[in-house]
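> Please find one structure pasted underneath; my questions will follow.
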C-alpha cells in the first residue's frame, strides 16, 4: 500500500509536525485506531497516550509522540491532530520525566483545595502514563 | 536666562534619556519579532479548530440540548468584560486605548440596565480600571516578569471564565484586546467568547463537498462539542494574548522611536541656545576688555 496521508500535528503554540505518512495509530477515547489513506471522515477525541506515526507501513513506527488532551480530524487523505500538549518520545529524557512524576506526586499531596488536587492528580496520572510508554 | 552650566547639564540629561529610549526601542524591535512568530505559530491550531467547530456546530445549533457555551443560557443580563492589557507601560496609547474601549462598552451596558463584571488580564488594565470600576472587578490575572506569553497563561484565564459561566455568574462574555495590524497600527478588538461565535465555513475549505453527514464521530457529536468548546475558549484567549503581546511590542517600538526623535530635537535646540549664550558671554567679555583698554 503506497498511498499516503498528509499528517499534521498541531499544538496551540506551533505546528509540530507535517509529513506524508502511510499510517497513523491514534489513541481515541473509544479505542485505538490505525488510520490509513481512504479512511472514513472522522472526528474523535483523544485520551492521553502515544501516537505512532508510520512513514511506511509495517515494521516499527517512525515517530512516536505522546499527546495529551485534544482531538483528531480525519478527512479522506488528511489527518489533523490537535493536541494541547505533545512530546516526541525520542526527545524525552527519562530521568527528567521521572523527576516530573515525583514533583507531580508532591503537588498532589501539597494541594490545598479539591480543585487543585484534582488538577495535580490528572497531571500526575498522565505523566505516569507517559513514563510507562517510554519504558 | 539659564547659565551655561545649567544648559550643559540639561543637554547631558536629555542625551542619557535618549540613550535609554533608543535602547528600549531596539529591545522592543527584537521582542516584536519573537511575538510575531508566536502569533504566526498559533494560527494553524486556531484555524483547524475553527473549521472543525464550524462543521460541528452547524448541526447542533438549533437543537434543544445544545451546550450553553455555544448558544448561551438564554439570558442577557450579566455581562463579563475581559480586558487584556500589558504588564508594563511606556508603550504609547496601547493600554489606555484598550481600557477606553472597554469603558465605553461598560457604560453602554450600564445604560441598558445590565450588570457588568470585569476580569482583567495584565497589570496595567487592572490599575486603570480599579480607579473607577474597582467594585466591578471580580478577578485579575497578572504575569509579572513573563518573557513569552503562551498556553500556560491562557489556560487559567479560560478556566476561570468557564468556572464562572458554569456557576451562572454571567450570561455573556466578551474580550477586549489589541489586534496586531502593523508596527504602527494596533486595532482594539472586541470578541464575544460566550456564547461562542461560530465562524462560517470558509468557501473552498476541505470540508466543503464532504458535508457533515459522512463524518463519523467518536464519541457522539454532542460529547465532542462539549469537549471542544472549552478548548476553543482557551484558544481564543491564547490568540488574544499573543496578538496583544505583539501589539504591545509594536506600540512600544513606535512610542520609543518618537521619544528618541523628540529627544534629538530637544538636544539640537538646547545646543543652539548653549552656543548662542556662550558667544554672548565671550562678546560681553571682549567689550569689557576693549572698553577698559580705551579708558586708559
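Throughout, read-outs are computed from the coordinates displayed, never taken from laboratory work. Keep in mind the model is a prediction, meaning the values are calculated, not measured. Note that each Cβ is placed from the backbone with ideal geometry, even for glycine, and that neighbours are counted across all protein chains shown.
> Hey, what angle do you get for helix B:94-111 against the long axis of chain B, alpha-carbon based, 0 to 90 degrees rounded to 10?
That works out to roughly 50 degrees.
> Now for a separate question. If one takes the longest principal axis of the Cα atoms in chain B, at what angle in degrees, from 0 to 90 and to the nearest 10, does the Cα axis of helix B:151-166 lie?
The two axes meet at around 50 degrees.
> If the elastic network links every pair of Cα atoms under 10 Å, which of B:219, B:44, B:195 fluctuates the most in the Gaussian network model of chain B?
B:219
> Expressed as an acute angle from 0 to 90° and rounded to the nearest 10, what is the orientation of the C-alpha long axis of helix A:114-134 relative to the principal long axis of chain A?
Rounded to the nearest ten degrees, it is 50.
> Now a separate question. For the range A:94-121 and the range B:92-109, what is the separation of their C-alpha centers, rounded to whole Å?
40
> If you count, for every residue in A:45-55, the Cβ atoms of partner chains within 10 Å of its Cβ, what is the mean?
So the per-residue partner count for this stretch is 1.
> Based on alpha-carbon centroids, what's the gap between the range B:7-28 and the range A:45-83 in Å, whole number please?
Their Cα centres are 54 Å away from one another.
> Counting pairs of alpha carbon atoms under 8 Å apart in space and at least six apart in sequence, what relative contact order in percent does chain A give?
Relative contact order comes out at 20 percent.
> In a GNM of chain B with a 10 Å cut-off on Cα contacts, which of B:186, B:128, B:47 has the highest mean-square fluctuation?
Residue with maximal mean-square fluctuation among B:186, B:128, B:47: B:47.
> Work out the mean other chain Cβ neighbour count within 10 Å for the residues of A:68-74 and drop it here as an integer.
4
> Given R₀ = 45 Å, what would the calculated FRET efficiency be for residue A:106 paired with residue B:9, taking r from the Cβ atoms and rounding to 0.05?
Given R0 = 45 Å and the Cβ-Cβ separation, E is 0.20.
> Can you pull a Stokes-Einstein diffusion coefficient for the protein assembly as shown at 20 °C (1.002 mPa s), Rh from Kirkwood over Cα pairs, as a whole number of µm²/s?
The estimated diffusion coefficient comes to 84 µm²/s.
> Continuing with this model, one more query. Could you give the radius of gyration (one decimal) and Dmax (whole number) of the Cα atoms in the range B:35-126, in Å?
17.5, 50
> If a/c stays under 1.5 just call it rounded; otherwise compare a/b with b/c (prolate if a/b is bigger, oblate if not). Do that for the range B:129-183, with a ≥ b ≥ c from the square roots of the Cα gyration tensor eigenvalues.
Judged from the Cα gyration tensor, the range B:129-183 comes out prolate (a/c at least 1.5, a/b above b/c).
> Sticking with this structure for a sec: Taking every pair of alpha-carbon atoms in chain B, give the share separated by more than 30 Å as a whole percent.
Pairs farther apart than 30 Å: 48 percent.
> Calculate the mean, over all residues of peptide B:215-224, of how many other protein chain Cβ atoms lie within 10 angstrom of the residue's Cβ.
4
> If we sort A:67-74, A:17-24, B:98-105, A:90-97 on the protection proxy, mean other Cβ atoms within 10 Å, highest first, what's the order?
Highest-to-lowest ranking by the protection proxy: A:67-74, B:98-105, A:17-24, A:90-97.
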